[in-house]
Amino acid sequence: MSGNDKFITKILRKLRKLFVWGFALPYRVILSWTSKVQSNKVIFLTFNHTYTCNPKYICEEILRQKLPVEIVWVVKPHQLKGTEFPACAKKVVHGKGPYFKELVTAKVWVDNAFGFTWNPIPSKKKNQFYIQTWHGSMGLKRIGKENVKNRRWSIASAMNAKWVDLCVSNSSFETGVFRQTHWPKNRIEELGHARNDIFFADDETKAEISARVRQHFGIEAGKKIALYAPTFRNKDATDCYDLDHSRFLNALEEKFGGEWILLNRYHIKTLKARQAQTADPRIISATAYPDIQELMVAADVGITDYSSWICDFVLTGRPGFIYAPDLAQYDRERGFYYPLEETPFPIAQTNDQLCENILGFDADLYARKREAFLEARGCKETGTAAKQIVEIIKQQCGLI
């Protein structure tokens, strides 16, 4: 495409957007004025539009209690006919007409990012209740507007602070982060994260989840599982993802024994997620698996760079490692809330260091550092977050 063609295409896109907004905005405003809030309707949304994270487990608790609640999930067009979401849930496409109808009539909104404020018109009504669960957990990387340089994201953040009625935190540390970044004056409850209740489930439940994961990927029962899931980069620098997968697995086998399989789960925002994986049969792509929490239940070892999932995984007590080849650059560009050395995870910047960390892993030292880490962050996880949040939803819906 030539330079002129690109320019014309850009102008046409802007004109189309203005045309759509010119008709859509009055419709949304009128819809908001004329639609009444339904006391028994709850609408759910996750940042990647999948059935996962905290909203999923809150929804699961509503279903478990068989509450007389109408459930709505916000999805992408290709998910309308899928089976990923509960059969009883109504599905609407984000940003389309039916979505706004459900949004203005739902009593409770449950979101794990800025999804409901990405399109801030129509605005939330005073008798609607917005629960913000976020998707981090005692996270490493900074999430402030000065750290994530995206203008629309910043606008959505500012609107979120105006609308959110309850932020759910899992620690005194996370509460501090919320106060410093997006929700300085909002109500915050340290209830734990609903998605982490899974780690406190009974052994039978966790065994069932692990078996489901193994069946999905065709992993034999006797083999051990390592989960590798790095975070995304603003620019897809492939040298940030140069983990020597086969060598990593060999080190695990030498240290811990047994046969190992690596579930390789890249962030959905990275080009790497769409690239072909290594030919080593021990390595399986898990990028498309919707629920990383279930992968953590099945995993015997976890490895990441800066993704906050490792701060969920620490609740399992299983070994976790950090492989961060661009540590200094990432710290300059995005920044951390505390030095990575304060985590219990051995840190490596090269494949050589990573293998050394695995082979020299000290389980007793790791256990002591893990306890110190959780205590220092003021962790409040007890395995009852979903139940506590649903009690709040029941109150808002007039069910108690």
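Residue 400 meets the conditions (1) among the hydrophobic types (A, V, I, L, M, F, W, C); (2) farther than 21 Å from residue 228 by Cβ; (3) part of a helix (DSSP H, G or I); (4) touching a helix residue (DSSP H, G or I) at 6+ places or on another chain (Cβ under 6 Å) in every case but one. The failed one is (3). Assessment of segment 199-213 against the conditions (within 30 Å of residue 129 (Cβ to Cβ) and surrounded by 15 or more Cβ atoms within 10 Å (Cβ to Cβ)) yields at least one matching residue. Screening the candidates 400, 303, 322 for the property of being of a type in the set (Val, Ile, Thr), at pLDDT below 95 and on the phi < 0 side of the Ramachandran plot yields one hit, 400. Elements of the type helices (runs of 4 or more DSSP H) sitting completely within segment 247-365 and holding at least 3 residues that are farther than 30 Å from residue 150 by Cα: these cover 292-298, 351-359.
Would you please name the residue that is farthest from residue 338 (Cα to Cα), looking only at residues in segment 128-143 that are at pLDDT below 95 and not β-branched (Val, Ile, Thr)? Ranking the qualifying residues of segment 128-143, first place goes to 135. Once segment 39-53 is narrowed to residues that are touching a strand residue (DSSP E or B) at 6+ places or on another chain (Cβ under 7 Å) and not in a loop (DSSP other than H, G, I, E, B), the residue that is surrounded by the most Cβ atoms within 10 Å (Cβ to Cβ) is 44. Considering segment 266-295, the residues that are hydrophobic (A, V, I, L, M, F, W, C) and modelled with pLDDT of 90 or more include one that is surrounded by the fewest Cβ atoms within 10 Å (Cβ to Cβ), namely 284.
Restricting attention to segment 215-231, does a residue exist that is within 25 Å of residue 329 (Cα to Cα), small (Gly, Ala, Ser) and under 19 Å from the mean Cα position of the chain (by Cα)? Yes, the conditions are met somewhere in segment 215-231. Looking across segment 147-197, the residues that are of a type in the set (Gly, Ala, Ser), in a helix (DSSP H, G or I) and touching a residue at least 40 places away in the same chain (Cβ under 8 Å) come down to 156, 157, 172, 194. From the list 327, 354, 374, which residue is within 24 Å of residue 134 (Cα to Cα) and surrounded by 16 or more Cβ atoms within 10 Å (Cβ to Cβ)? After ruling out the rest, the residue left standing is 374. If you check 148, 164, which single one turns out to be crowded, with 18+ Cβ neighbours inside 10 Å and in the same structural domain as residue 185 (by TED's automatic domain parsing)? Going through 148, 164 in turn, the sole match is 164.
The values are calculated or read from the model by the stated rules, or taken from the named source; none is laboratory data. These numbers come from a predicted model, not from an experiment. Using ideal geometry, Cβ is built from the backbone for each residue, glycine included, and neighbour counts are taken over all protein chains shown.
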